[in-house]
Structure formats: C-alpha cells, structure tokens
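Trainee: First, the structure itself, so that you have it in front of you.
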Amino acid sequence: MSSDDLEALALLHDPVRRSLYDVVASRGGDVGRGEAAEAAGVSRTLAGHHLDKLVEAGLLESGFRRQEKKGPGSGRPAKVYRRARGERSVSLPPRDYATLASVLADVVEVLGAEERAEEVARGAGARIARGRRGEPAERVLGERGYEPYAEGGKVRLRNCPFHALAEEQPLLVCSMNLALCQGLLEGLGDDPGRAALDPRPGECCVSLEPSLKQTDIDIESE
C-alpha cells in the first residue's frame, strides 16, 4: 500500500465523489459530465469539479468525445470520463497477496496441474455459496466484485476480480474463474451450465445465460 493509494481512496469518503465514481464505473465506458451529474443528482459544474479531482487521484481517466456535427459551430469536443485501468488497494499493515498468487499460478503451470486447479476452484465456488442456497447468483457475484449487468440476453460481468493475475496467466486464471463460477452456481442450486467462457476486452472472461429467476434479480440492464 502506498500513501497515494490511501489518499486516492480517501477521496471516495465524500458522498458526491463516491456517487459520481459509481456512476462512471457502472457505465463501463465513456460518461459525459452532464450524464454523470444527472445520475448523481448534482449540478454539472459541481460534477465536473469532483470528476476532475478523481482523475487527478488516478481513480478515473478522462478524454474527449468528438461532436457528430463537424465544421463551424460544431463546438468543442465534450469531456468524458471512464474508470481508470489501474488498481488501488489498502491494507493495514501492508500485505502482498498478489505476489504469492502469482507464484502459486506458476507452480500450477510447472506441475501441469491445471485440471486439479479447476477442481479446487469449483470447490471454492461451492464454499462461497454455502448457506446461500436459492439466492440469485448475480447477487452473490455482485458482492464478490464481478459487477454483473444484463446485455443481449446474457448476464455479463463487467469486472474481473482476478484481473492482474489474469494478465499474467490468462488461460489458467480464466479456466479457474469459470470453474469457480460453476461451483458457485451449483452451490446455490442453480444450473452450472449457465456459466461459460465468453471473453470481452476490459471485462470478465465469464458470462451467464439468463436464469429462469431472472425477473427476481436486481441488476443493471443496458
């Protein structure tokens, strides 16, 4: 943990900044000041001030969206915001679980134990579901940081909780992630076949086919 991480995350203690960050993060793409302000229930000027503070802290990134109208009178490009690609974490005292996870992933590859790793991951998913049988998988996955949302008849997962490790060992981590999701579904009394590898840039490699209980699930629809 660095002091920069702590200072950046401290900014989210402000309710307006936290609301604006959540709006941008939940969209999964570029969000204009006006759109963010309306969703957060604040003025455009106030939203712009706080959004720029979040950019300075490295929690958001900014850019410009070109106007569809070109030529004289088209106006300046609109400033837009998106969630930063980097990660921030706070641990007191500092811990380094990521390095150990990377070492363990290398061990699995060296030993050729990918199938065994998937089996263990499936069991881990079942343990996560313990005591929650009958609950919607989307709700449980949301609590684990996957950020589920509905799109095109599927349930997609906007965030990969294992992103940094998946960058190093994509085949191993994605196969284990799929097994974990399948084990979780089965533990909840759901169909594990709903989960499948369906990679998309910037998102989790797993998606879910809709459940028969989809109408009872409170997730974002795009």
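Values quoted throughout were computed directly from the atomic coordinates according to the rules given, and no laboratory measurement underlies them. Here the structure is a predicted model, which means the values were calculated and not measured. When we count neighbours, we look across all protein chains shown, and the Cβ atoms used for this are built from the backbone with ideal geometry, even at glycine.
Trainee: How long is the gain from Ser26 to Leu100 if the chain were fully straight, where each residue apart is worth 0.36 nm and the alpha carbon distance is subtracted? Before the final figure, lay out each step's value.
Mentor: Details: separation 74, 0.36 × 74 = 26.64 nm, distance 3.02 nm.
Roughly 23.6 nm would be gained on extension.
Trainee: Right, next: Whole percent per 5 Å bin, from 0 to the bin with the longest distance: what is P(r) over all C-alpha pairs of the range 1-121?
Mentor: With 5 Å bins starting at 0, P(r) equals 2, 10, 16, 15, 12, 10, 10, 9, 7, 5, 3, 1, 0.
Trainee: What residue among Ala164, Gly153, Gly187 has its Cα farthest toward the positive end of the dipole of the range 150-209, where the charges are +1 on Lys, Arg and -1 on Asp, Glu, each on the Cβ?
Mentor: In the range 150-209, that residue is Gly153.
Trainee: So who's got an amide H within less than 5 Å of the one on Ala78, skipping anything under 5 residues away but keeping other chains? H placed 1.01 Å off N, in plane.
Mentor: It is Arg65, Gln67, by chain and number.
Trainee: Dividing the convex hull volume of the Cα atoms of the range 86-135 by its residue count, what figure in Å³ per residue is obtained?
Mentor: 145 Å³
Trainee: What is the range 21-65's relative contact order, in percent, from Cα pairs under 8 angstrom and six or more apart in sequence? Don't jump to the answer; show the numbers that get you there.
Mentor: Details: 24 pairs, mean separation 13.2, N = 45.
Computed over the range 21-65, the figure is 29 percent.
Trainee: Would you work out which of Val140, Ala98, Val120 lies farthest towards the positive end of the dipole of the range 89-155? Charges go on Cβ: Lys and Arg +1, Asp and Glu -1.
Mentor: Val140
Trainee: Treating only the Cβ atoms of Lys and Arg (+1) and Asp and Glu (-1) as charged, compute the dipole magnitude of the chain about its Cα centre; round to the nearest 20 debye.
Mentor: Values: 31 positive and 37 negative charges, 182 e Å.
Here the chain has a charge dipole of around 880 debye.
Trainee: Along the Cα→Cβ direction, 7 angstrom out, place labels at Lys53 and Arg116. What is the inter-label distance in nm?
Mentor: Using points 7 Å along Cα→Cβ, the separation is 5.2 nm.
Trainee: Now a separate question. Can you run the Rg to Rh ratio on the range 122-178? Use alpha carbon positions and the Kirkwood inverse-distance Rh.
Mentor: Working: Rg = 12.4 Å, Rh = 12.5 Å.
Across the range 122-178, the Cα-based Rg/Rh ratio is 0.99.
Trainee: Ignoring solvent entirely, what values of log10 I(q)/I(0) come out of the Debye formula for the range 140-206 at 0.16, 0.20, 0.28 Å⁻¹ when each Cα is a single scatterer?
Mentor: -0.49, -0.78, -1.45
Trainee: Which residues in the range 18-54 have a backbone N closer than 17 Å to a point placed 7 Å from the Cα of Asp4 along the Cα-to-Cβ line?
Mentor: Within reach of a label on Asp4, which here means backbone N under 17 Å from a point 7 Å along Cα→Cβ, the range 18-54 contributes 53-54.
Trainee: Quick one: what Rg and Dmax do you get for the chain from the alpha carbons, in Å?
Mentor: Here Rg and the maximum Cα pair distance are 19.9, 64 Å.
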